[in-house]
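The values are calculated or read from the model by the stated rules, or taken from the named source; none is laboratory data. A quick note: this is a predicted structure, and the numbers were derived from the prediction, not measured. In this analysis, Cβ positions are derived from the backbone assuming ideal geometry, glycine residues included, and neighbour counts consider all displayed protein chains. Please note that ligands, DNA and RNA were not included when accessible areas were found on the heavy atoms of the full protein model with its side chains. Shrake-Rupley method; radii C 1.70, N 1.55, O 1.52, S 1.80 Å.
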Amino acid sequence: MANNFFLSNNRIVRSFSWKGANFKIISSAFDIIKDEIIKQRTILSNYIIKYKDFVESLVPLQEIDSDAPDIVRRMHKASLLTGVGPMASVAGVTAQIAAEAAVAAGADEAVIENGGDIYIFSKNETKIALYAGNSTIASNLAVLIKPEATPISICSSSSKMGHSLSFGDCNLATVISTDGALADSASTLAGNLVKEEKDIPDALEKVISIKGVQGVLIVKNDKIGIAGSFPEIIKNIDPHTKTKITKDKRSCTP
């Protein structure tokens, strides 16, 4: 279930699903993005057939084989920086690689969302709604991503929703980075670190200290903490917010 999703401002949003993962895309290069997502997920699936530790480990692997594909190397790097397992970054890295393929083909916009993890390259302002479950204070928040801030990744983790594993008890942990794998991985770390409201300051300090992390937002009950350079927070006035939440099947595989 998505913790973030974009408010399209009348831009065309198209969707497709692949092995239980559901994607929403804004781009003239929809087919290129779709094909690249399938390609990258297939590469990853083939890799983990040979290297099961990559998909099973909840901590960084000391090393990977020298001929590992690009998606694996990006995930491994993010894992080493955050201390969580490499698969924590799969949605963020896939979105970034697919967006890069679209831009390389000449697209002037590529906005990809998968279960709350979003990569944005756009010449338009993009509003991202933040979904924090039953948190009253965060229930109507969104962030404004300006064109000059892109390309950018905004990824979230939560113990309250979604199929991803979390060792914390956090309504929402959102991380901003130019690196999709890192944003996804670091949001998992942030969510793991928060079990009570008093954990927010230490979690913010730890996550923002990671090289490449630009901003962090954490919500626990009705407490919100922000660190670093986080985008402008605005009010979400969309009355149809809950109907736009993307849900991935719990059986989702690469």
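Of the peptides 179-187, 58-66, 220-228, the order by per-residue mean of other Cβ atoms within 10 Å, starting with the highest, comes out as 179-187, 220-228, 58-66. Here the peptides 107-113, 89-95, 51-57 are ranked by packing, the mean other Cβ count within 10 Å, and the order with the highest first is 89-95, 107-113, 51-57.
Stretching Glu56 away from Glu197 to a fully extended chain increases their span by 47.8 nm, per 0.36 nm per residue minus the current alpha-carbon distance.
May I ask you to give the percent of accessible area on segment 39-121 that is carbon plus sulfur, with a probe radius of 1.4 Å? Mind showing how you got there, number by number?
Details: 1840 of 3480 Å².
C and S fraction of accessible area: 53 percent.
Distance between the pseudo-spin-label points of Arg11 and Ser45 (7 Å out from Cα toward the beta carbon): 2.9 nm. In straight-distance terms, cross-link reach from Lys52 covers every one of the aspartates and glutamates whose alpha-carbon lies under 14 Å from its own, apart from those fewer than eight places away in the same chain; here that gives Glu63, Asp65. Measuring between alpha carbons in the structure, the pairs from Lys34/Lys146; Lys123/Lys220; Lys127/Lys223 lying more than 30 angstrom apart are Lys123/Lys220. For Lys24, the aspartates and glutamates whose Cα falls under 15 Å of its own Cα, not counting residues fewer than eight places away in the same chain, are Asp35, Glu36, Glu109, Glu113, Asp117, Asp248.
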